[in-house]
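**Q** One structure coming up, written as structure tokens, with questions to follow.
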Amino acid sequence: MALINLKEMLMAADKEVYGVGAFNTLNLEMSKAIIDAAEEERSPVIIQIAELLFQFMPDWEVLSAATLMLAHKAKVPVVVHLDHGMNYENIVKAMRLGFSGVMIDGSHLSFDENVRQTKEVVKTAHALGIPVEAELGTVPGEEGLYNTQNTVMTDAMLVKEFIGLTEADVLAVCIGNVHGNYIKTPCLDFNRLREIKSIAGVPLVLHGGSGLTDEDFGCCIKLGINKVNIFTDLCNSALSKLDAIYEEKREGVSFPKILSVTSEAVKQEAIKKMRLFGSSGKG
């Protein structure tokens with residue numbers, strides 16, 4: 001199946017009411033583990049490279065090229081997506097590299113400035129046949145350079161206007177979700193999500209998926225979430241396995257062993273999410 005368009009993948013998920021896991025990667029091992037999981041589960045998958053996480057990558061363009069190569073060789077549908085794009089030049093560079101989806105994150109801006117910047121990206125992306133994810137509302141928490149406790153719930157009354165003005169293909173929303181590890185039990189506003197879905201007319205995205213309960217995920221997907229972003233849970237799973245091998249025996253723990261064990265942990269966590277989101281067997 002190889003590399004496909006973000007909008008195409010999410011429209012199929014919307015029609016059949018399942019969620020597609022959008023997993024952030026930091027290196028080639030993570031990218032391969034995510035695709036291996038998707039192939040084993042016969043699931044569509046989105047691999048994301050986040051501008052907010054560039055600081056942890058030696059060269060995001062090299063990682064992009066390697067991830068795109070894996071995507072083209074994959075036996076299931078894969079989207080390679082730029083997550084949390086904030087710099088116009090980086091967003092355009094991702095398009096030129098061959099990404100099949102990009103995000104412009106104007107969530108920290110005023111409504112008017114968010115519209116202006118999103119329209120600029122959409123104009124360029126649509127000329128190249130690339131769909132755009134935008135965000136309305138502000139998801140708090142910490143992810144890379146992004147660190148805010150400022151929560152702005154997505155205003156359902158502004159959704160139709162925002163989509164109409166920007167022509168964004170996909171919309172990320174805030175309904176009580178948080179980036180990174182949850183420090184208290186999340187309380188999602190499902191009524192708000194239901195209202196947004198009835199108005200938006202485009203696939204919806206849940207950022208800050210790590211840490212939610214299985215029941216939360218099920219409700220979100222049933223009410224119209226089509227893309228679920230996952231990063232922290234992948235990292236926590238890898239760290240847990242790393243701790244375990246160090247506890248077993250510090251001497252003789254090699255770097256290749258560390259790569260192997262943590263990659264397998266990422267793969268298994270991705271498989272768990274694909275089954276939970278209902279995307280297994282859809283690829």
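**Q** If we keep just the residues of segment 95-121 that are of a type in the set (A, V, I, L, M) and surrounded by fewer than 24 Cβ atoms within 10 Å (Cβ to Cβ), which is nearest to the chain's Cα centre (by Cα)?
**A** Selected residue: Met95.
**Q** Is there any pair linking a residue in segment 85-99 that is under 10 Å from Val121 (Cα atoms) and among the aromatic types (Phe, Trp, Tyr) to one that is surrounded by fewer than 18 Cβ atoms within 10 Å (Cβ to Cβ) and modelled with pLDDT of 95 or more, with Cβ under 9 Å and at least six apart or on different chains, and which?
**A** Pairs that qualify, where the first residue is under 10 Å from Val121 (Cα atoms) and among the aromatic types (Phe, Trp, Tyr) and the partner is surrounded by fewer than 18 Cβ atoms within 10 Å (Cβ to Cβ) and modelled with pLDDT of 95 or more, are Tyr88/Glu120; Tyr88/Thr124.
**Q** Considering only residues that are in a helix (DSSP H, G or I) and within 17 Å of Val45 (Cβ to Cβ), which ones fall in segment 195-229?
**A** Listed by number, the residues that qualify are Phe217, Ile221.
**Q** I would also like to ask the following. May I ask you to list pairs of residues, at least six apart or on different chains, whose Cβ atoms are under 6 Å apart, with the first in segment 1-12 being crowded, with 17+ Cβ neighbours inside 10 Å and the second being modelled with pLDDT of 95 or more and among the acidic types (Asp, Glu)?
**A** Partner pairs satisfying both residue conditions: Lys7/Asp169.
**Q** Filter segment 13-51 for residues that are among the charged types (D, E, K, R) and more than 30 Å from Tyr88 (Cα to Cα); which is surrounded by the fewest Cβ atoms within 10 Å (Cβ to Cβ)?
**A** Among them, the one singled out is Lys15.
**Q** Do you know which residues across segment 1-40 are modelled with pLDDT of 95 or more and either on the phi > 0 side of the Ramachandran plot or among the basic types (Lys, Arg) (or both)?
**A** Lys7, Lys15, Val17, Lys32
**Q** Quickly run through segment 126-141 and pick out the residues that are out of contact with any helix residue (DSSP H, G or I) (no Cβ under 6 Å at 6 or more places or on another chain), at pLDDT 75 or above and either within 27 Å of Asn236 (Cβ to Cβ) or buried (at least 21 other Cβ atoms within 10 Å of the Cβ) (or both).
**A** Glu133, Glu135, Gly137
**Q** Among the residues of segment 212-222, is there at least one that is within 23 Å of Ala74 (Cβ to Cβ) and not β-branched (Val, Ile, Thr)?
**A** No, segment 212-222 contains no residue that is within 23 Å of Ala74 (Cβ to Cβ) and not β-branched (Val, Ile, Thr).
**Q** So, of the residues in segment 142-153 that are over 18 Å from the mean Cα position of the chain (by Cα) and closer than 24 Å to Gly19 by Cβ, which turns out to be modelled with the lowest pLDDT?
**A** Only one residue fits best here, namely Thr151.
Yes/no per residue for (1) touching a helix residue (DSSP H, G or I) at 6+ places or on another chain (Cβ under 7 Å); (2) farther than 29 Å from Asp14 by Cα; (3) of a type in the set (S, T, N, Q):
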residue: Ile199; (1), (2), (3): yes, no, no
residue: Thr232; (1), (2), (3): no, no, yes
residue: Ala244; (1), (2), (3): no, yes, no
residue: Glu247; (1), (2), (3): no, yes, no
residue: Val261; (1), (2), (3): yes, yes, no
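**Q** Scan (1) more than 28 Å from Ala37 (Cα to Cα); (2) in contact with an Asp or Glu (Cβ under 9 Å, 6 or more places away or on another chain); (3) not β-branched (Val, Ile, Thr) for the single condition Ala127 breaks and write down its number.
**A** (2)
The values are calculated or read from the model by the stated rules, or taken from the named source; none is laboratory data. It should be emphasised that the depicted structure is a prediction, and the values quoted were computed from it without experimental measurement. Counting neighbours? That spans all protein chains shown, and the Cβs are built from the backbone with ideal geometry, glycine included.
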